[in-house]
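Visitor: Got a structure for you, questions after.
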Amino acid sequence: MKTKLLFLSALLAVAACKTEKKETQVVLLPSDQEQIDLAATITEEELKEHLYTYASDDFEGRETGTAGQKKAVEYLVSQYSSLGIPMASGTVNYLQKVPVTYTTAPSGSLRINDQSYTIGTDFITFSAATGSYEAVFVGYGIDSPEYSNYGDIEVQGKLVIAMAGEPQNEDGTYILTGTTTYSKWSNASEALPKRIEVAKSKGASGLIFVDQANFERYARYFNYMKRNNSGQMRLAEDQPLFSAVFNPEKAREWLAQLDQSLTQPLEKTVSIAIEGGSELVDTENVVAIIEGIEKPEEYVIVSSHLDHIGIDAEGNINNGADDDGSGTVAMLEIAEALAEAKSQGKGPKRSVVFLHVTGEEKGLLGSEYYTDVAPLYPLENTVTNLNIDMIGRIDPERDGDRNYIYLIGSDKLSTELHQLSEEMNSKFTQLELDYTYNDENDPNRFYYRSDHYNFAKNNIPIIFYFNGTHEDYHARTDTPDKINYDLLTNRTRLVFHTLLEVANREERPKVDKQSE
């Protein structure tokens, strides 16, 4: 018996040593030459082979929820499976279902007292609703620690009406920021969603937002949908709030009666009779993971969107070779190179998540679902997002000056991430890093138009890799034969080297700037 006990104790000691060894395992980081050798596995030939399949007519333009998109998903799953890269936790066969609804342009009417208003010219809505509601004017419709229009006013079951903008001090600075720069409440991409979120949290039955910029923006979508008998996709909600954007010209008469600095009853009844059909869309993200060796509970996310715009009204297939076939195949090659690094015991320290998102062309839906609804891994442990969207072509503005890549957002949240990115390029790829579209005043607003933005708004440092638009953008002529495969290769290697550095450095990139 004593011998058996001694033997058992020895086994337990060995097991404890093995456990302790696993917990304190040290990664042997690849040398510069080993990094170059790993990056050399990312080749023009393999990128081309992937892309000629992924952007072929067989995939029918990969429109969200279509049979073509399902083929794209199957292709990605088969690639990760063949590489032996595991599916992410919380997925089924690499798939994260994304609940989406498709809504056609609604029809009906909206009345304020005895005045009737017309959808498309007076106001825009994509919501269906019926009933009569007491209206309450809530000024700018803002509710934040620094400033609130709501105060103690009761809006439960009522319809709130808010106007665009935000309050300023007498010296012209904005109250919310304390500077001459406005806050996210005036950001064109967030002004309406933030007000909807607040109105819903207060128990309101609906929101009318009076805003020229958003009226013009949504009118374009609405009229396109009417002309083409198409619809709008959005993340499915359990109880969506009715919302409409009003043309300020049509609202001028009743707004003029108000003290716009005060929240007050409007003394008007809003009657709504709007109908619109909606149906569920079956779509999903594809997510794989290479687990980190030293810091598996910290995550670097590489992303691209797997969808495109599908088949047009004339039956032409939009292959989307650059948008975003180029980013998709770049991810596959990066995943293969990183899997090879791990097989050699050369990292990564942190876990690397490969996130192929759906519905980017429909409003960044797949990435929004991942960040705002159902993160597979904690956002507070997500150290960086590297987003790749269109890296296979040359911007006509740079004709003859081709050895470049546009970087957007690298310095928005983290000085360290920006410096790290510059260092990796200087050491390994020597591309010109062009920050033209990183300018705060860039009218294209690309920073807000790809999937990285859903990470950035959650205070996660990002880099968006982009080659700029071209004559084949969102056209049936965006085909694999137009891709510059040598550039695609070098740009993909840049992302790989940057990824290795972020995944393997001792400290995560510090967030030393504030999210917009």
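Visitor: Within the range 144-191, count every residue that is among the charged types (D, E, K, R) and within 27 Å of THR130 (Cβ to Cβ). Spell out how you get there, then give the answer.
Guide: Of all residues in the range 144-191, those among the charged types (D, E, K, R) come to 146, 152, 154, 158, 166, 170-171, 184, 190.
Okay, now just the ones that are also within 27 Å of THR130 (Cβ to Cβ), so 154, 158.
So the answer is 2.
Visitor: So, in the range 406-425, exactly how many residues are among the polar types (S, T, N, Q) and either over 19 Å from ILE391 (Cα atoms) or in contact with a Cys (Cβ under 8 Å, 6 or more places away or on another chain) (or both)? Give the derivation first.
Guide: So in the range 406-425, the residues among the polar types (S, T, N, Q) come out as 410, 414-415, 419, 421, 425.
Subsequent filtering for residues that are either over 19 Å from ILE391 (Cα atoms) or in contact with a Cys (Cβ under 8 Å, 6 or more places away or on another chain) (or both) retains 414-415, 419.
Qualifying residue count for the region: 3.
Visitor: Quick check: is even one residue across the range 88-100 part of a loop (DSSP other than H, G, I, E, B), in the same structural domain as GLN212 (by TED's automatic domain parsing) and small (Gly, Ala, Ser)? Walk me through it before giving the result.
Guide: Here is the first cut: in the range 88-100, the residues part of a loop (DSSP other than H, G, I, E, B) are 88-91, 93-94.
From the residues that got through so far, the ones that are in the same structural domain as GLN212 (by TED's automatic domain parsing) too are none.
No: the range 88-100 contains no residue that is part of a loop (DSSP other than H, G, I, E, B), in the same structural domain as GLN212 (by TED's automatic domain parsing) and small (Gly, Ala, Ser).
Rundown of residues vs (1) out of contact with any helix residue (DSSP H, G or I) (no Cβ under 6 Å at 6 or more places or on another chain); (2) of a type in the set (A, V, I, L, M); (3) crowded, with 24+ Cβ neighbours inside 10 Å; (4) not assigned by TED's automatic domain parsing to the domain that holds PRO86, yes/no style:
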{"position": "ASN285", "(1), (2), (3), (4)": "no, no, yes, no"}
{"position": "ALA288", "(1), (2), (3), (4)": "no, yes, yes, no"}
{"position": "GLU291", "(1), (2), (3), (4)": "yes, no, no, no"}
{"position": "PRO296", "(1), (2), (3), (4)": "yes, no, no, no"}
{"position": "VAL300", "(1), (2), (3), (4)": "no, yes, yes, no"}
{"position": "HIS305", "(1), (2), (3), (4)": "no, no, yes, no"}
{"position": "HIS308", "(1), (2), (3), (4)": "no, no, yes, no"}
{"position": "ILE311", "(1), (2), (3), (4)": "no, yes, no, no"}
{"position": "GLY315", "(1), (2), (3), (4)": "yes, no, no, no"}
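Visitor: Sticking with this structure for a sec: Regarding ASP372, is this residue under 18 Å from the mean Cα position of the chain (by Cα), assigned to a helix (DSSP H, G or I) and crowded, with 24+ Cβ neighbours inside 10 Å? It would help to see each step written out before you state the result.
Guide: On the way: under 18 Å from the mean Cα position of the chain (by Cα): yes; assigned to a helix (DSSP H, G or I): yes; crowded, with 24+ Cβ neighbours inside 10 Å: no.
Taking the combined requirement at face value, the residue does not satisfy it.
Visitor: When the residues of the range 202-216 are narrowed to those that are assigned to a helix (DSSP H, G or I) and touching a strand residue (DSSP E or B) at 6+ places or on another chain (Cβ under 8 Å), which ends up nearest to LEU364 (Cα to Cα)?
Guide: Applying the first criterion (assigned to a helix (DSSP H, G or I)) to the range 202-216 yields 212-216.
In the following step, the residues that additionally are touching a strand residue (DSSP E or B) at 6+ places or on another chain (Cβ under 8 Å) were identified as 214-215.
Details: ASN214: 18, PHE215: 20 Å.
Among residues in the range 202-216 that are assigned to a helix (DSSP H, G or I) and touching a strand residue (DSSP E or B) at 6+ places or on another chain (Cβ under 8 Å), the one nearest to LEU364 (Cα to Cα) is ASN214.
Visitor: Moving on to the next point. Give the residues of the range 405-429 that are closer than 28 Å to GLN33 by Cβ, assigned to a strand (DSSP E or B) and without any contact (Cβ under 8 Å) to a residue 60 or more places away in the chain, sorted by residue number.
Guide: Residue satisfying the conditions is LEU407 alone.
Visitor: Here is a check on your reading of the model: is TYR182 assigned to a loop (DSSP other than H, G, I, E, B) and touching a strand residue (DSSP E or B) at 6+ places or on another chain (Cβ under 6 Å)?
Guide: Values: assigned to a loop (DSSP other than H, G, I, E, B): yes; touching a strand residue (DSSP E or B) at 6+ places or on another chain (Cβ under 6 Å): yes.
Spelling it out, TYR182 is indeed assigned to a loop (DSSP other than H, G, I, E, B) and touching a strand residue (DSSP E or B) at 6+ places or on another chain (Cβ under 6 Å).
Visitor: Could I ask something else about it? Tell me the residue from ALA199, ALA191 that is under 21 Å from LEU110 (Cα atoms) and of a type in the set (A, V, I, L, M, F, W, C), please. Outline the logic, then answer.
Guide: On the way: ALA191 fails: under 21 Å from LEU110 (Cα atoms).
Just a single option satisfies the conditions, and that option is ALA199.
Visitor: Only one of these is in contact (Cβ under 8 Å) with a residue 40 or more places away in the chain and over 26 Å from ILE36 (Cβ atoms): ARG402, ARG445, ARG393. Name it. Talk me through it step by step, then tell me what you get.
Guide: Working: ARG402 fails: over 26 Å from ILE36 (Cβ atoms); ARG393 fails: over 26 Å from ILE36 (Cβ atoms).
Answer to the check: ARG445.
Visitor: Taking the range 11-46 only, how many residues are farther than 30 Å from LEU487 by Cβ and either part of a helix (DSSP H, G or I) or modelled with pLDDT under 50 (or both)? Working first, answer last.
Guide: Start the filter on the range 11-46 by keeping residues that are farther than 30 Å from LEU487 by Cβ, which leaves 11-28.
With the extra rule that they be either part of a helix (DSSP H, G or I) or modelled with pLDDT under 50 (or both), the set shrinks to 11-24.
The qualifying residues number 14.
Visitor: Can you work out which of the residues in the range 439-453 that are touching a Phe, Trp or Tyr at 6+ places or on another chain (Cβ under 7 Å) and in a helix (DSSP H, G or I) is surrounded by the most Cβ atoms within 10 Å (Cβ to Cβ)?
Guide: At the first step, the residues of the range 439-453 found to be touching a Phe, Trp or Tyr at 6+ places or on another chain (Cβ under 7 Å) are 444, 446-447, 450, 452-453.
Filter once more, keeping what is in a helix (DSSP H, G or I): 446-447, 452-453.
Values: PHE446: 22, TYR447: 21, HIS452: 30, TYR453: 26.
Top of the filtered list is HIS452.
The values are calculated or read from the model by the stated rules, or taken from the named source; none is laboratory data. None of the values given here were measured: they were computed from a predicted structure. In this analysis, Cβ positions are derived from the backbone assuming ideal geometry, glycine residues included, and neighbour counts consider all displayed protein chains.
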